[in-house]
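Some notes on the structure that comes next.
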Amino acid sequence: MTSPINLGVIGLGRAFTLMLPTFAADPRIALVAASDPRTEARERFAMEFNAKVFEDAEALCADPAVAAVYVASPHQFHVEHVKSAARHGKHVLVEKPMAITVDECREMIAAAKAANVKLLVGHSHSFDQPYLRARAMIRSGAYGPVRMINALNFTDFLYRPRRPEELDTRQGGGVVFSQAAHQIDIVRLLAGAKAVSVRAFTGNWDAARNTEGAYAAQIRFENGSFASLSYSGYAHFDTDEFMGWWGELGQGRDGEASYGRARANLKKAASVTQEIAMKNARAYGSAGRDAFQIDGELAYNHFGLVVVSCERADLRPLPHGVMVYGDKTRHLDELPSPNIPRAEVVDELHAAAILGAAPLHSGEWGLATLEVCLAMLQSAQTGQEVGLSWQV
């Protein structure tokens with residue numbers, strides 16, 4: 001086995017905690033450095049991983065011991081941090097959404113190309129093995145071409161503790177930037193064709209959380225297929241019920257016990273300052289690596305109900321495989337349970353950074369997804385179908 005990738009992390013917040021169990025368990029990754037403005041997070045990271053820590057992201061990028069950088073800072077800082085990493089010759093994995101404007105995405109792509117480094121965008125749920133298996137099944141031709149995709153997800157997203165900018169669409173807040181990127185990635189992956197246009201509606205139904213909390217969108221693809229995407233983060237119905245109460249992160253859930261928990265917990269925050277403190281309590285720093293492990297049986301990550309209607313079967317990715325609904329029978333194309341959550345992210349990062357492979361979730365891929373997010377917002381505002389220009 002080759003030496004692990006020496007990974008530096010910019011941002012030890014919630015996104016990092018979701019990837020922490022992956023990075024800590026996968027022998028292909030060595031966490032060697034981190035940057036975060038919070039002293040307690042830096043100190044804990046240095047202690048737990050025997051790693052260097054920096055208050056300044058530029059200093060981390062300049063460290064010669066760092067081979068690749070995971071950019072998990074707030075959305076509005078992605079462009080600055082990706083360009084810094086590229087300037088110092090580091091491969092980059094940047095969290096979704098890639099950025100909040102097309103021009104920022106193009107700057108990031110150009111910086112990576114100029115430095116001859118690999119740029120990957122994720123984690124999004126299109127990395128998840130059930131969607132990758134469904135893609136392979138579609139590409140085999142056994143079920144005929146894709147005709148239609150339906151994606152549906154209901155969560156408590158809007159009532160989890162948030163910083164003010166996460167509830168400000170202009171700064172990349174709301175469910176279109178943060179959650180639609182997952183669904184768009186999934187349907188683009190499964191459609192296997194360039195998206196052509198978007199028609200969308202958005203919902204903003206709580207004045208205290210004044211941003212998009214829901215959307216419905218239709219995407220048309222150049223091969224004649226189309227996709228319907230629906231999402232609600234208003235903490236009522238939960239589509240994990242459709243997934244056998246396996247959670248988005250591959251964890252088993254008790255749906256009855258957790259019902260209403262997000263709204264109830266948020267009521268404990270009487271001010272913005274208190275809500276920020278609640279969010280920081282869910283981030284790395286106040287708690288260490290053990291707090292973010294998933295106990296018990298592990299399934300694959302998912303992003304709600306997805307049904308791909310091919311000419312000769314419907315395919316439904318599930319936490320343990322892909323259910324195939326054929327003309328006469330149905331069966332589960334089962335996947336072995338994962339040993340490491342989200343290891344598919346490291347699969348792609350390792351192939352790109354060590355083996356030189358072109359990543360599926362490239363900068364161009366991230367730009368295409370961000371363009372669809374922006375088109376959804378534009379369509380919802382204007383009532384018009386919006387054409388797309390930057391698709392791959």
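The values are calculated or read from the model by the stated rules, or taken from the named source; none is laboratory data. These figures come from a predicted structure and were not determined experimentally. We place every Cβ from the backbone using ideal geometry, glycine too, and count neighbours over all the protein chains shown. Protein only, heavy atoms only, side chains kept; ligands, DNA and RNA dropped before computing areas. Shrake-Rupley method; radii C 1.70, N 1.55, O 1.52, S 1.80 Å.
Scanning the stretch 213-268 for residues that are among the β-branched types (Val, Ile, Thr) and either under 20 Å from Gln384 (Cα atoms) or open to solvent by 50 Å² or more (accessible area, probe 1.4 Å) (or both) yields a count of 1. Of all the residues that make up the stretch 1-29, how many are of a type in the set (Gly, Ala, Ser) and surrounded by 19 or more Cβ atoms within 10 Å (Cβ to Cβ)? Residues flagged as of a type in the set (Gly, Ala, Ser) and surrounded by 19 or more Cβ atoms within 10 Å (Cβ to Cβ) within the stretch 1-29 amount to 4.
Screening the stretch 142-199 for residues that are more than 30 Å from Pro74 (Cβ to Cβ) and among the β-branched types (Val, Ile, Thr) and picking the one that is most open to solvent (accessible area, probe 1.4 Å) gives Val196. Return the pair list, or none, for Cβ contacts closer than 6 Å from residues in the stretch 83-105 that are closer than 21 Å to Ala357 by Cβ to residues that are open to solvent by 30 Å² or more (accessible area, probe 1.4 Å) and basic (Lys, Arg), at least 6 apart or on different chains. Short answer, once both residue conditions are applied: His91/Lys118. When every residue of the stretch 111-122 is checked against the conditions, at least one turns out to be at pLDDT below 95, buried (at least 24 other Cβ atoms within 10 Å of the Cβ) and within 30 Å of Val307 (Cβ to Cβ). Restricting Ser178, Ser140, Ser197 to residues that are under 30 Å from Ala67 (Cα atoms) and not charged (D, E, K, R) narrows the list to Ser178. Could you count how many residues in the stretch 269-302 are more than 27 Å from Thr22 (Cβ to Cβ) and surrounded by 14 or more Cβ atoms within 10 Å (Cβ to Cβ)? Going through the stretch 269-302 one residue at a time, the tally reaches 2. Any residue at all in the stretch 81-98 that is within 24 Å of Arg170 (Cα to Cα) and among the hydroxyl-bearing types (Ser, Thr, Tyr)? Yes.
Residue count for the stretch 34-53, restricted to those that are open to solvent by 40 Å² or more (accessible area, probe 1.4 Å) and among the hydrophobic types (A, V, I, L, M, F, W, C): 2. On the given criteria, is Glu55 free of Cβ contacts under 8 Å to residues at least 24 places away in the same chain and at negative phi? Yes: the conditions hold for Glu55. Scanning the stretch 54-81 for residues that are touching a Phe, Trp or Tyr at 6+ places or on another chain (Cβ under 7 Å) and open to solvent by 10 Å² or more (accessible area, probe 1.4 Å), we see that the one that is nearest to Val176 (Cα to Cα) is His75.
Answer yes or no: is there a residue in the stretch 82-97 that is of a type in the set (A, V, I, L, M) and surrounded by fewer than 24 Cβ atoms within 10 Å (Cβ to Cβ). No, the conditions are met nowhere in the stretch 82-97. Listed by first and then second residue, the pairs linking a residue in the stretch 4-25 that is over 18 Å from His75 (Cα atoms) to a residue that is part of a helix (DSSP H, G or I) and at pLDDT below 95, with Cβ atoms under 7 Å apart and 6 or more places separating them unless they lie on different chains, are Leu20/Arg289; Leu20/Phe292; Pro21/Phe292; Ala24/Arg289.
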